[in-house]
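Contents: one structure, followed by commentary.
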Amino acid sequence: MVYSTSHKPCPAILLIGASRGLGHAMAAELLKKGWNVVGTARPVEGRTQLHDLADENQGRVEVETVDICEPEQIAALRARLSGRVFDILFVNAGAANANPNDTIGEVSTEEFIRVMQEAGVQFYRQDGTPREGKVRMDWDWLISVDSLISQPPRSLGPDLNLVGWFDERIDIIKRLWTCAA
Ligand SMILES: NC(=O)c1ccc[n+]([C@@H]2O[C@H](COP(=O)([O-])OP(=O)(O)OC[C@H]3O[C@@H](n4cnc5c(N)ncnc54)[C@H](OP(=O)(O)O)[C@@H]3O)[C@@H](O)[C@H]2O)c1
């Protein structure tokens with residue numbers, strides 16, 4: 001552990017998802033402010049920007065690995081860091097759609113569901129059992145069973161006319177009352 005000049009331990013952060021993007025930028029900024037960083041990348045071959053940061057800041061950056069979609073990897077990281085104290089645990093790891101240039105209107109339903117699944121959202125069948133694997137959308141079927149579309153509500157027109165009639169009468173009575181008073 002690196003100590004600050006005041007002999008107090010430097011503050012330390014465990015930053016999940018620090019291999020690139022915002023997580024990497026956050027690690028770099030905190031290092032400038034005197035923090036020590038334990039950052040994670042997913043366990044894949046090759047170097048990441050976090051490895052470069054570790055090289056540039058000898059002894060102040062530890063590169064750990066975890067994929068937060070894999071419970072056994074989370075448990076293993078917890079065991080490896082057992083007894084360590086962090087001032088901040090920051091989970092930056094996030095799922096994004098395959099093409100980050102797509103606007104929300106361009107992201108397909110399947111892609112949206114994939115991102116939700118990767119983020120841990122569980123999807124269920126009609127009988128309540130959890131769905132595994134890829135969830136496909138059948139819009140034609142969905143529209144055919146959607147009662148709002150297949151059996152639209154009767155027109156509200158007559159009801160609204162009645163409400164308007166009452167409203168008008170009450171207004172006339174109110175005005176007569178005001179004149180008489
Ligand atoms: N950038 C923006 O403008 C913006 C705006 C609003 C919100 N956000 C959110 O902020 C977060 C970070 O954004 P970003 O632009 O920095 O994203 P990014 O460049 O895609 O970086 C994502 C980071 O999370 C890690 N990661 C992804 N899935 C992981 C998993 N299953 N387990 C462990 N680590 C995982 C990645 O590691 P690998 O290198 O191994 O893939 C990477 O370090 C995301 O949740 C994003 O939705 C970003």
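The values are calculated or read from the model by the stated rules, or taken from the named source; none is laboratory data. Computed from a predicted model, the values in this text were never measured in an experiment. Please note: Cβ atoms are built from the backbone with ideal geometry, for glycine as well, and neighbour counts cover all protein chains shown. Heads up: the accessible areas ignore ligands, DNA and RNA and are worked out on the full protein's heavy atoms, side chains in. Shrake-Rupley method; radii C 1.70, N 1.55, O 1.52, S 1.80 Å.
3J(HN,Hα) along the range 136-149, derived from phi through the Karplus expression 6.51 cos²θ - 1.76 cosθ + 1.60 where θ = phi - 60°, amounts to 9, 9, 10, 4, 4, 5, 4, 5, 5, 9, 7, 5, 5, 8 Hz, with x in place of Gly and Pro. Of all segments of the chain bounded by GluC sites (Glu not before Pro) found in a DSSP loop with no more than 16 other C-beta atoms within 10 Å, the longest spans 46-105. Among VAL63, VAL38, VAL163, the residue with the largest mean-square fluctuation in a Gaussian network model of the chain, with springs joining Cα atoms closer than 10 Å, is VAL163.
Solvent exposure of the chain amounts to 75 Å² per residue of accessible area, where only protein heavy atoms count and the probe is 1.4 Å. For the chain, give the percent of accessible area contributed by carbon and sulfur heavy atoms, probe 1.4 Å, rounded to a whole number. Here carbon and sulfur together make up 58 percent of the probe-accessible area. Across the chain, the longest piece that holds none of the trypsin sites (Lys or Arg not before Pro) lying in DSSP loops with up to 14 other C-beta atoms within 10 Å covers 85-124.
Helix 157-180 axis versus longest C-alpha principal axis of the chain: approximately 70°, rounded to the nearest ten. A probe of 1.4 angstrom, applied to the heavy atoms of all protein chains, finds SER144 with accessible area near 70 square angstrom. Site pair PHE86 and ASN57 shows an inter-label distance of 1.4 nm when each label is modelled 7 Å from Cα along Cα→Cβ. Once the Cα atoms are used to define both axes, helix 21-32 deviates from the longest principal axis of the chain by about 50 degrees.
Each residue of the range 14-19 is assigned a 3J(HN,Hα), and the resulting list reads 9, 10, 7, x, 10, 6 Hz, derived from the Karplus form 6.51 cos²θ - 1.76 cosθ + 1.60 (θ = phi - 60°), x at Gly and Pro.
Placing +1 on the Cβ of every Lys and Arg and -1 on the Cβ of every Asp and Glu, with no other charges, gives the range 85-164 a dipole of roughly 200 debye about its Cα centre. Rounded to the nearest 20 debye, the dipole size of the chain about its Cα centre is 700 debye, using +1 on the Cβ of Lys and Arg and -1 on the Cβ of Asp and Glu. Per-residue ellipticity at 222 nm, computed for the chain from helices alone with -39500 (n - 2.57) per DSSP H run of at least four residues, works out to -12500 deg cm²/dmol.
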